[in-house]
Amino acid sequence: MVRFTELPISPYLQSRLTAAEFINPTEVQAAAIPHAIEGKDILATAQTGTGKTLAFLVPIIEKLLAERPAGWFADYDAMLAQALSDAVDEAARMQGRDPARWRYGAYWRVAINHPVLHQVPFVGHYFDIGIVPMSGAASTVKQTTLQLAPSMRMDADLGAWDRSWLNLQIGQSGQIFSTHYRDQWPSYYNGTSFPMQFEKVETKRTLQFRPAN
């Protein structure tokens, strides 16, 4: 079986693919990537989920890394240093020139109020979540603003569905007495998720429906 390390791609890109657990290319990837890297035109058909996207992304990334086209960063160290400097300047604009007084991790904050019980006087806040600091920004994948937080986190791997992940904002239930109320909140808040099982399903309980005679 062909491995990505055997394809004509740079050691850096090979290491990134390995780190992402892409070890063995699919049939369409193994067939298309070498020809695409040579600059040949390709017409390929394959079923959904067989990795066609990666088949054309790998040659594109390889070409960009090799040629560094005009407009790219000539000095990556200088680029990173400039990015850090710009970030410090932006933080100073938002929170003042003294870093000792900056509120780290508390600029974006999220509160999730129970849609019904929040209205109950004196005790309603016990059924809410927050106010808590939240990472992210309006322009990041984890989109967060003062009025917005992701309602669900999902990472779907179309090439290997069993490597997909998902979790909801608070849990499977909105009923406060359910064991599934808030059960996913710690995972959501800390950026961890649960595997979405498709081919290999590990069940704890099984419910069977049988038609009546």
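Brief remarks on what is shown
- Residues in the range 151-165 that are more than 22 Å from HIS114 (Cα to Cα) and part of a loop (DSSP other than H, G, I, E, B): ALA156, ASP157, LEU158, GLY159, ALA160, SER164.
- Of the residues making up the range 37-49, at least one is touching a residue at least 40 places away in the same chain (Cβ under 8 Å), within 30 Å of ASP157 (Cα to Cα) and assigned by TED's automatic domain parsing to the domain that holds PRO11.
- When each of ALA32, ALA70 is tested for being more than 30 Å from SER135 (Cβ to Cβ) and surrounded by fewer than 15 Cβ atoms within 10 Å (Cβ to Cβ), the lone residue that passes is ALA70.
- Criterion (without any contact (Cβ under 8 Å) to a residue 12 or more places away in the chain and under 28 Å from the mean Cα position of the chain (by Cα)) met by exactly one of MET79, MET154: MET79
- Contact map, the range 124-146: residues that are more than 23 Å from GLY174 (Cα to Cα) paired with residues that are β-branched (Val, Ile, Thr), Cβ distance under 6 Å, separation 6+ or inter-chain. Pairs shown: GLY136/THR144; ALA138/THR145.
- Qualifying residue in the range 1-22 (condition: surrounded by 12 or more Cβ atoms within 10 Å (Cβ to Cβ), assigned to a helix (DSSP H, G or I) and at pLDDT 90 or above): no
- Among the residues making up the range 35-60, a single one is surrounded by 16 or more Cβ atoms within 10 Å (Cβ to Cβ) and among the hydroxyl-bearing types (Ser, Thr, Tyr): THR50.
- Any chance ILE60 is out of contact with any His (no Cβ under 7 Å at 6 or more places or on another chain) and assigned to a helix (DSSP H, G or I): yes
This table checks each residue for (1) more than 17 Å from the chain's Cα centre (by Cα); (2) outside the structural domain of GLY49 (by TED's automatic domain parsing); (3) within 30 Å of THR26 (Cβ to Cβ).
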{"position": "LEU117", "(1), (2), (3)": "yes, yes, no"}
{"position": "GLY124", "(1), (2), (3)": "yes, yes, no"}
{"position": "ILE129", "(1), (2), (3)": "yes, yes, no"}
{"position": "GLN143", "(1), (2), (3)": "no, yes, no"}
{"position": "SER164", "(1), (2), (3)": "no, yes, yes"}
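Listed here are the residues, each with its yes/no results for (1) surrounded by 13 or more Cβ atoms within 10 Å (Cβ to Cβ); (2) part of a helix (DSSP H, G or I); (3) in contact with a strand residue (DSSP E or B) (Cβ under 6 Å, 6 or more places away or on another chain).
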position: ASP77; (1), (2), (3): no, yes, no
position: ALA87; (1), (2), (3): no, yes, no
position: ARG93; (1), (2), (3): no, yes, no
position: LEU146; (1), (2), (3): no, no, no
position: ALA149; (1), (2), (3): yes, no, yes
position: ASN167; (1), (2), (3): yes, no, yes
position: GLY171; (1), (2), (3): yes, no, no
position: GLN175; (1), (2), (3): no, no, no
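The values are calculated or read from the model by the stated rules, or taken from the named source; none is laboratory data. Predicted model, so just to flag it, every value in this text is computed and none were measured. Heads up, the Cβs are rebuilt from the backbone with ideal geometry, glycines too, and the neighbour counts pull from every protein chain shown.
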